[in-house]
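**Q** Attaching a single structure in structure tokens format; questions to follow.
Every number in this text was worked out from the coordinates using simple rules, so none of it is lab data. None of these values were measured; they are calculated from a predicted model. Virtual Cβ from ideal backbone geometry, glycine too; neighbours counted across all protein chains shown.
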Amino acid sequence: MESTGAAASTASKPARARNRRGEGGRLRDDIIAAAVELLDEAGDERAITLRSVARQVGIAAPSIYRHFPDQPAIMLAVVQREFAELRDGLRSSVEKAGDDPRQRLYAVCHGYLDFARLHPERYRTMFGGLWVPDLEDSSLTEADMAALGDETMQILIDALADCAAAGQSASTDPPGDAVALWLGLHGLAHQRAVSPSFPWPEGMADRIIVALAQVKGPDA
């Protein structure tokens with residue numbers, strides 16, 4: 001069932017002007033953007049249905065089938081877009097951190113936490129385990145799901161490996177330790193979201209990085 005808030009926010013959406021010849025890709029992008037808007041407004045991925053997205057864009061629901069075979073395909077595109085946003089943000093953080101491997105690792109970790117804080121609904125859909133499509137009843141495949149987050153994880157692995165190579169981390173298994181580090185960061189991001197009134201100790205993120213990445217603090 002669609003969320004009442006999402007339905008109300010899209011009921012008066014004006015009809016969308018038809019694309020010119022060769023602009024079909026723009027409609028696909030508009031559909032994805034509309035789904036992200038619904039997710040941000042409702043805070044619940046269940047608000048994203050073919051009908052609600054069509055209303056948000058200002059098109060007839062059947063028009064969506066030219067670009068997406070079903071609702072899970074739209075959700076996959078949404079999650080893929082957000083992982084690309086996270087990837088680009090982490091790459092930017094690394095570049096701004098300069099040449100010191102440890103500072104670059106800290107920049108990646110804090111960039112990840114910033115994304116979770118600034119986009120809680122999107123982050124929950126990407127990492128919260130609530131969006132779990134039925135692969136037997138949708139157009140999605142196991143390969144589609146397995147590939148999600150590969151690039152962002154590689155950024156973390158590379159940052160930790162650079163620290164180890166520079167003698168700034170005691171890690172002897174950067175790929176495995178990067179997964180452990182991600183789990184720590186994800187746990188902190190999740191608990192900050194669900195327990196905002198908890199009196200979090202100062203520097204909790206840095207404590208997690210020091211322990212799991214086996215590095216010294218950023219100011220050491």
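**Q** Which of (1) crowded, with 16+ Cβ neighbours inside 10 Å; (2) more than 23 Å from residue 196 (Cβ to Cβ) does residue 99 not meet, given it meets every other one?
**A** Status for residue 99: all satisfied but (1).
**Q** Which ones in region 124-144 are farther than 26 Å from residue 214 by Cα, part of a helix (DSSP H, G or I) and either within 12 Å of the chain's Cα centre (by Cα) or of a type in the set (Phe, Trp, Tyr) (or both)?
**A** Those that are farther than 26 Å from residue 214 by Cα, part of a helix (DSSP H, G or I) and either within 12 Å of the chain's Cα centre (by Cα) or of a type in the set (Phe, Trp, Tyr) (or both): 124, 125, 126.
**Q** Also, I was wondering about something else. Say whether the condition of being under 24 Å from the mean Cα position of the chain (by Cα) and at positive phi is met by at least one residue in region 181-201.
**A** No, that holds for no residue.
**Q** Related question: Does any residue in region 63-92 that is in a helix (DSSP H, G or I) come within less than 6 Å, Cβ to Cβ, of a residue that is of a type in the set (Lys, Arg) and crowded, with 20+ Cβ neighbours inside 10 Å six or more places away or on a different chain, and which pairs are these?
**A** From residues that are in a helix (DSSP H, G or I), the pairs are 82/122.
**Q** Follow-up. For region 57-99, which positions are within 12 Å of the chain's Cα centre (by Cα) and more than 30 Å from residue 109 (Cα to Cα)?
**A** Within region 57-99, no residue meets the criteria.
**Q** A further question follows. Residue by residue through region 51-72, note down the ones that are out of contact with any Leu (no Cβ under 6 Å at 6 or more places or on another chain) and surrounded by fewer than 19 Cβ atoms within 10 Å (Cβ to Cβ).
**A** If the condition is that a residue be out of contact with any Leu (no Cβ under 6 Å at 6 or more places or on another chain) and surrounded by fewer than 19 Cβ atoms within 10 Å (Cβ to Cβ), then 51, 58, 60, 62, 63, 65, 66, 67, 69, 70 are the ones that fit.
**Q** Ok, one more. Could you tell me which residue of region 127-183 is farthest from residue 207 (Cα to Cα), considering only residues that are in contact with a helix residue (DSSP H, G or I) (Cβ under 8 Å, 6 or more places away or on another chain) and of a type in the set (Val, Ile, Thr)?
**A** 141
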